[in-house]
1. From ARG35, ARG11, grab the single residue that is over 21 Å from the mean Cα position of the chain (by Cα) and farther than 25 Å from ARG93 by Cβ.
2. What pairs come out if I take residues in the range 82-107 that are without any contact (Cβ under 8 Å) to a residue 60 or more places away in the chain and pair them with residues that are of a type outside the set (A, V, I, L, M, F, W, C) and part of a strand (DSSP E or B) whose C-beta lies under 6 Å away, six or more apart or interchain?
3. Look through the range 76-87, keep the residues that are among the hydroxyl-bearing types (Ser, Thr, Tyr) and in a loop (DSSP other than H, G, I, E, B), and return whichever of them is nearest to GLY101 (Cα to Cα).
4. Step by step: first the residues of the range 38-51, then only those that are in contact (Cβ under 8 Å) with a residue 24 or more places away in the chain and in a loop (DSSP other than H, G, I, E, B), then the one that is surrounded by the fewest Cβ atoms within 10 Å (Cβ to Cβ). Which residue is that?
5. Looking only at residues that are open to solvent by 100 Å² or more (accessible area, probe 1.4 Å) and assigned to a helix (DSSP H, G or I) in the range 3-37, which one is farthest from VAL56 (Cα to Cα)?
6. What are the residues in the range 60-70 that are in contact with a strand residue (DSSP E or B) (Cβ under 9 Å, 6 or more places away or on another chain) and open to solvent by 50 Å² or more (accessible area, probe 1.4 Å), if any?
7. Has the range 87-95 got any residue that is open to solvent by 70 Å² or more (accessible area, probe 1.4 Å), at pLDDT below 90 and more than 30 Å from LYS29 (Cα to Cα)?
8. Condition check: within 20 Å of GLY100 (Cβ to Cβ), touching a Pro at 6+ places or on another chain (Cβ under 8 Å) and either surrounded by fewer than 12 Cβ atoms within 10 Å (Cβ to Cβ) or not hydrophobic (A, V, I, L, M, F, W, C) (or both). Does VAL73 satisfy that?
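The values are calculated or read from the model by the stated rules, or taken from the named source; none is laboratory data. Predicted model only: the values in this text are computed from it and were never measured. Cβ sites come from the backbone with ideal geometry, for glycine too, and all protein chains shown count toward neighbours. Note: areas computed on protein heavy atoms with side chains; ligands, DNA, RNA excluded. Shrake-Rupley method; radii C 1.70, N 1.55, O 1.52, S 1.80 Å.
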Amino acid sequence: MNKPPYPVSPRSAVTSTMMSASQVTSTLKLADNLRDDPDKDKRLAAQRCLPCHYIVRLAGQAFTQQPCGICLVDQTYPSTSTDVLCLPCASARELCKHCGGDLHLRTDRRKWWQVADPEGSQGE
């Protein structure tokens, strides 16, 4: 594939500079939000970890149904950005409703819950 050269001019340079400066500003604001957690009460009420609450992800606009990853009860969402868990399952296990990870980002968490194996043995 061949692309033509981008038409560079003082006006396009100003526009590019403004876009880059805007990206820096929004990235620093995101870092502040992740560090300071200004919406902590709202975030915890929604059962979301820091990244799932503050980082904006693109999604398609289509009503989407997906069962909870634990209890398998169907959940309906207004976009393709669905949650992994329902609120009761996420709350009971201190997990993020959206991604299913630890709500407090504890990678060294020792106490997890047990999920029944299809063959009847207990696994993690």
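1. On the way: ARG35 fails: over 21 Å from the mean Cα position of the chain (by Cα).
Of the residues listed, the single one that is over 21 Å from the mean Cα position of the chain (by Cα) and farther than 25 Å from ARG93 by Cβ is ARG11.
2. Close Cβ pairs (under 6 Å, with a partner that is of a type outside the set (A, V, I, L, M, F, W, C) and part of a strand (DSSP E or B)) amount to THR82/THR64; THR82/GLN66; CYS86/GLN75.
3. So, considering only residues that are among the hydroxyl-bearing types (Ser, Thr, Tyr) and in a loop (DSSP other than H, G, I, E, B), the one nearest to GLY101 (Cα to Cα) is THR82.
4. ALA46
5. PRO10
6. Of everything in the range 60-70, those that are in contact with a strand residue (DSSP E or B) (Cβ under 9 Å, 6 or more places away or on another chain) and open to solvent by 50 Å² or more (accessible area, probe 1.4 Å) turn out to be PHE63, GLN65, GLN66, PRO67, ILE70.
7. Scanning the range 87-95 turns up no residue that is open to solvent by 70 Å² or more (accessible area, probe 1.4 Å), at pLDDT below 90 and more than 30 Å from LYS29 (Cα to Cα).
8. Answer is yes for this residue.
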